[in-house]
Amino acid sequence: MKRFSKTLNGDDPSNNSDSGTRNALKDPDRNAGLSPMRVMGIFIACLILFSVLFSVSVVLRDPPSNAAVHEALKAGVLEVEPRKSLDDQISDHVEVPKDKMLGGLLAAGFDEGSCVSRYQSASYRKEMPHKPSSHLLSRLRRYEALHKRCGPNTESYNKAVEQLKSGRRLTSSDCNYVVWISYSGLGNRILTLASAFLYALLTNRVLLVDPGVDMVDLFCEPFPEASWFLPMDFPLKNQFDSLDQKSPHCYGEMVRKSNLTNSEQSLLSSFVYLHLSHDYNDQDKLFFCNQDQDFLEKIPWLIVRTDNYFVPSLFLIPSFEQELNSLFPRKETVFHFLGRYLFHPTNVVWGLITRYYQAYLANADERIGIQIRVFDTGTGPFQHVFDQIISCALKENLLPETNRQDLIVRPSGAAKSKAVLMTSLSSGYFEKLRDMYWEHPTVTGEVIGIYQPSHEEYQQTEKHTHNRKALAEMYLLSLTDVLITSSWSTFGYVAQSLGGLTPWILYKPENRTAPDPACKRAMSMEPCFHAPPFYDCKAKTGVDTGELVPHVRHCEDMSWGLKLIDPSDEL
């Protein structure tokens with residue numbers, strides 16, 4: 001190795017070629033060529049240099065891929081797991097966005113900022129328990145196109161209004177209308193508007209909405225590129241208050257006077273008033289007969305006033321049966337889908353809803369809604385009503401018992417929280433329940449929070465702020481996980497159906513005594529039709545309309561009312 005080292009370093013620079021020649025002559029091992037040892041040394045040095053250069057070139061040209069690293073991991077070559085990139089770490093914590101369009105139920109084409117609730121509401125709810133049928137989606141898109149073509153201020157609308165002003169139907173029209181008169185309390189208005197829309201869908205009519213005093217303030221436009229609100233210059237608007245059962249254009253009165261439902265004189269009628277309120281008579285109720293629908297089909301303008309959710313009786317009209325079955329294969333979803341499609345709170349109301357939800361309900365493990373409507377006269381709160389609420393909530397394990405012996409009950413693990421949202425015109429029930437869970441611990445260790453957004457003391461139908469709060473509270477109730485509602489209350493019907501909830505219904509107390517049992521689980525989430533007809537149109541005789549088909553039954557809270565159910569759920 002000494003010779004190898006010396007050879008690599010070279011001779012002393014002072015040596016000249018002559019001295020090198022003499023040395024070579026002296027040393028038999030040295031000659032003018034390369035010795036084997038010198039060749040081997042040069043070869044080894046070149047091999048090392050080549051190996052280094054090759055490795056560097058490979059690394060620079062083709063750095064190891066993630067796939068290669070993972071393969072190496074599998075093979076056991078690498079023992080340290082590679083660190084995730086920042087993007088990967090963020091994606092692990094991003095929640096998959098919910099379906100803002102509700103499975104195609106909602107149409108695109110709106111300015112999101114003009115009605116935030118339309119697209120934000122899905123993030124406040126669980127996934128819809130049922131999906132809308134493809135036929136319903138198709139019919140909604142067709143309706144939107146019809147509304148765009150025939151809605152207010154279009155050429156077709158203006159032409160139809162001119163014919164209406166003339167008092168006669170002079171020519172055939174490609175656009176026919178249902179005009180809904182704003183009437184009754186907010187819960188009733190929401191239910192009846194959904195009923196009128198379904199009727200418009202079934203009869204290929206355009207729905208126009210009387211704005212009343214606050215409808216514009218409460219609800220966004222549901223149809224793209226065209227308003228559903230009736231223009232202020234509509235020629236019959238000043239007559240709305242005077243239309244009643246004695247009006248010559250009232251359908252029931254027309255039938256009573258002529259006893260004809262298919263007269264050629266119908267072609268001379270420019271409009272018909274439909275009185276479908278709770279006080280309607282036998283002639284008015286003929287609206288729900290097939291042959292009467294044949295007559296009404298010829299009328300371009302139908303003006304309807306109602307405080308009833310009359311959808312169940314539409315399912316008893318033979319000419320609508322097939323279409324309704326296609327639209328709603330699951331019968332209890334009618335208002336659930338129509339309500340989610342039509343009723344989007346305005347930004348002002350949505351602010352009330354979201355601020356309250358985030359402040360009091362969002363962080364609870366479970367949310368329980370209790371909707372209280374008392375029809376008794378006198379000043380509440382009533383002890384028997386409170387006793388009934390507690391009896392229902394405890395028996396159905398919706399709320400825990402309180403421990404009145406121990407001052408503190410320590411939970412074995414992390415305490416579960418329940419937020420109870422109460423709605424009532426009175427604050428008394430809220431105060432009693434709040435004090436009950438404040439003064440005593442629960443036997444389960446659960447933490448119970450009791451909240452009530454407002455207590456208006458009495459119903460103020462025409463007051464803007466009152467109805468804003470009422471709509472906000474209906475919507476908040478619909479965001480709960482379980483719900484207790486009061487008998488006969490349309491407020492509760494709206495909340496349960498919007499939320500897709502099957503509630504426990506408090507029986508209506510008699511003689512100011514809490515009933516036993518206190519409540520019953522509803523058969524479906526559908527609202528109840530409080531004043532249905534009991535008439536067989538073919539036989540022209542009275543009949544129990546709650547026994548005609550398996551999917552229309554009498555209501556749990558009103559024995560003479562009708563509601564839609566799915567018979568398969570009872571099996």
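The values are calculated or read from the model by the stated rules, or taken from the named source; none is laboratory data. These numbers were taken from a predicted model, which means no experiment stands behind them. Cβ: placed from backbone, ideal geometry, glycine included. Neighbour counts: every protein chain shown. The protein model used for the area step is the full one, side chains on, heavy atoms only, and it has no ligands, DNA or RNA in it. Shrake-Rupley method; radii C 1.70, N 1.55, O 1.52, S 1.80 Å.
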What net charge is computed for the residues neighbouring C220, neighbours being all others with C-beta under 12 Å from the C-beta of C220, Lys and Arg scored +1, Asp and Glu -1? -3
Fully extended contour minus Cα-Cα distance, from K540 to L407, at 0.36 nm per residue: 41.1 nm
Net charge contributed by nearby residues that have their C-beta within less than 15 Å of G252 (K/R +1, D/E -1): -1
Given a 1.4 Å probe and heavy atoms of the protein chains only, how would you sort R330, R434, largest accessible area at the top? R434, R330
Taking only protein heavy atoms and a 1.4 Å probe, the highest-to-lowest accessible-area order of H249, H530 is H249, H530
Accessible area per residue in Å² at 1.4 Å probe, computed on segment 249-405: 40
Quick one: ranking E439, E366, E155, E321 by accessible area, 1.4 Å probe, largest first, what do you get? E155, E439, E321, E366
Using a 1.4 Å probe on the protein heavy atoms only, what accessible surface does D544 show? Give it in Å² to the nearest 10. 60
What figure in square angstrom, to the nearest 10, would you give for the accessible area of T423 with a 1.4 Å probe? 10
Local charge sum around V304 (other residues, Cβ-Cβ under 12 Å, Lys/Arg +1, Asp/Glu -1)? -1
Calculate what fraction, in whole %, of the accessible area of segment 201-264 sits on carbon and sulfur atoms when a 1.4 Å probe is rolled over the protein chains. 48
Over segment 457-569, average the accessible area per residue using a 1.4 Å probe and give it in Å², no decimals. 40
Which of the three applies to segment 170-249, rounded, prolate or oblate, going by the alpha-carbon gyration tensor with a ≥ b ≥ c and a/c under 1.5 meaning rounded? rounded
Quick check: residue separation of N290 and D174 times 0.36 nm, minus the Cα distance between them. What number comes out in nm? 39.5 nm
Report the calculated FRET efficiency for H135 and H455 (r = Cβ-Cβ distance, R0 = 56 Å), to the nearest 0.05. 0.80
Quote to one decimal, in nm, the extra length available between K298 and D435 on full extension: 0.36 nm per residue of separation minus the C-alpha distance between them. 43.2 nm
Hey, any idea what % of segment 287-347's accessible area is carbon plus sulfur with a 1.4 Å probe? 44
Assuming R0 = 22 Å, can you tell me the calculated FRET efficiency for the pair F229 and H278, based on Cβ-Cβ distance, to the nearest 0.05? 0.30
Which of the residue pairs K331/K432; K98/K395; K131/K298; K159/K298 have a Cα-Cα distance greater than 27 Å in the structure shown? K331/K432; K98/K395; K131/K298
When the accessible area of segment 407-559 is split by element with a 1.4 Å probe, what percent falls to carbon and sulfur? 52
Run the 1.4 Å probe and let me know the accessible area of Y535, rounded to the nearest 10 Å². 90
For segment 272-321, shape from the Cα gyration tensor axes a ≥ b ≥ c, cut at a/c of 1.5 then a/b versus b/c, turns out oblate
Which value in nm describes the separation of the simple spin-label points at A145 and D387, placed 7 Å from the Cα toward the beta carbon? 6.2
Taking the Cβ-Cβ separation of L394 and S166 as r and a Förster radius of 60 Å, what is the calculated FRET efficiency to the nearest 0.05? 0.35
